[in-house]
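Presented below is the structure to which this report refers.
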Amino acid sequence: MHPLLREAADRHRGVFTAADVRRAGLVPVDVQSALRRGEWDRLRQGVYVERAVLRDAIARGPDHRHLLDCVAVLLCLGGRPALSRASAARLSGLLVPSAAVEAAVSLTDEVQWRQGRGYTVMRAGLPADDVLSNGAVRWTGPARTLVDCARAWSL
């Protein structure tokens with residue numbers, strides 16, 4: 001993999017975008033070739049991951065696979081949404097009841113509400129004390145996550 005593309009993937013837990021591909025000097029035919037050869041997989045429109053990274057995440061369990069989806073959605077949305085509710089609970093290693101495990105990525109943003117394929121963004125305040133960050137990934141801290149989950153999940 002091109003060093004610039006590797007650097008981008010390393011910053012985003014193995015995920016990279018079409019913009020990263022262009023910065024590395026690759027063209028759309030290179031992307032199609034990598035997908036066809038099985039070197040890369042498409043997570044979302046314009047968001048990719050190396051197949052080895054995807055296989056590793058699947059082998060490590062559903063929470064690791066969900067994290068790749070979370071990063072892909074965050075890269076697509078841009079801005080400053082934070083993972084929240086079940087997605088933040090899974091990322092934080094909290095126990096999530098099987099009935100509450102969602103395939104969709106759950107996010108919260110201060111300025112937008114939106115829903116798309118595989119994600120939901122709730123609009124709510126996000127004080128700096130409620131948000132943790134690790135590179136491109138932002139998520140609600142344990143206390144905020146527990147309160148959000150308590151509001152959304154049935155007893």
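Every read-out reported here was derived from the displayed coordinates using simple, explicitly stated rules and does not represent laboratory data. Everything numeric in this text was worked out from a predicted model, so none of it was measured. Positions of Cβ are backbone-derived with ideal geometry, glycine not excepted, and every protein chain shown enters the neighbour counts.
Computed on the chain, with alpha-carbon pairs under 8 angstrom and 6+ residues apart, the relative contact order is 18 percent.
Here the stretch 3-57 is assigned +1 on the Cβ of each Lys and Arg and -1 on the Cβ of each Asp and Glu. Its dipole about the Cα centre then comes out at about 140 debye. Distant-in-sequence amide contacts of TYR119, defined by a placed amide H-H separation under 5 Å and a gap of 5 or more residues or a different chain, comprise VAL105.
For the stretch 75-88, 3J(HN,Hα) computed residue by residue from phi via the Karplus equation (6.51, -1.76, 1.60; θ = phi - 60°) reads 5, 5, 6, x, x, 10, x, 10, 4, 8, 6, 4, 5, 5 Hz, glycine and proline entered as x.
Scalar couplings 3J(HN,Hα) for the stretch 37-52, obtained by applying the Karplus form with A = 6.51, B = -1.76, C = 1.60 to θ = phi - 60°, are 6, x, 7, 10, 10, 8, 8, 8, 4, x, 10, 10, 8, 5, 4, 5 Hz; x denotes Gly and Pro. Projecting the Cα atoms of SER33, VAL111, ALA9 onto the charge dipole of the chain, computed from C-beta unit charges around the Cα centre, puts SER33 farthest toward the positive end. A helix-only calculation puts the chain at -12500 deg cm²/dmol for mean residue ellipticity at 222 nm, using -39500 (n - 2.57) for each DSSP H run of at least four residues, averaged over all residues. In a simple Cβ point-charge model (Lys, Arg +1; Asp, Glu -1; nothing else charged), the chain has a dipole of about 280 debye relative to its Cα centre. Converting phi to 3J(HN,Hα) with the Karplus coefficients 6.51, -1.76 and 1.60 and the offset θ = phi - 60°, the stretch 94-103 yields 6, 6, 10, x, 4, 5, 9, 5, 9, 6 Hz in sequence order, with x at every glycine or proline. Which cross-chain or sequence-distant (5 or more) residues have an amide H under 5 Å from the amide H of TRP40, H modelled 1.01 Å from N in plane? Answer set, sorted by chain and number: LEU35, ARG51.
Based on Cβ point charges of +1 for Lys and Arg and -1 for Asp and Glu, what charge dipole magnitude is obtained for the stretch 32-114 about its Cα centre, in debye rounded to the nearest 20? Before the final figure, lay out the partial values.
Working: 12 positive and 9 negative charges, 45 e Å.
For this selection, approximately 220 debye.
Enumerate the amide H contacts of VAL131 below 5 Å, restricted to partners 5 or more residues apart or on another chain; note that Pro and chain-start residues carry no placed amide H. So VAL131 has HN proximity to GLY141.
Sort THR145, THR140, THR17 so that the residue with the fewest other Cβ atoms within 10 Å of its own Cβ comes first and the one with the most comes last. Could the numbers behind the result be given before it?
Numbers: THR145 25, THR140 28, THR17 20.
Ranked by crowding around the Cβ, least crowded first: THR17, THR145, THR140.
Principal-axis analysis of the Cα atoms of the chain puts helix 142-152 at an angle of about 70° to the longest axis.
How would you classify the stretch 3-57 from its alpha-carbon gyration tensor, with a ≥ b ≥ c the square roots of the eigenvalues: rounded for a/c under 1.5, else prolate if a/b is greater than b/c, otherwise oblate? It would help to have the intermediate numbers written out before the result.
Details: a/c = 1.66, a/b = 1.10, b/c = 1.52.
Oblate, since a/c reaches 1.5 and b/c is not below a/b.
The relative contact order of the stretch 76-152, computed from alpha carbon pairs under 8 Å that lie at least 6 residues apart in sequence, is 34 percent.
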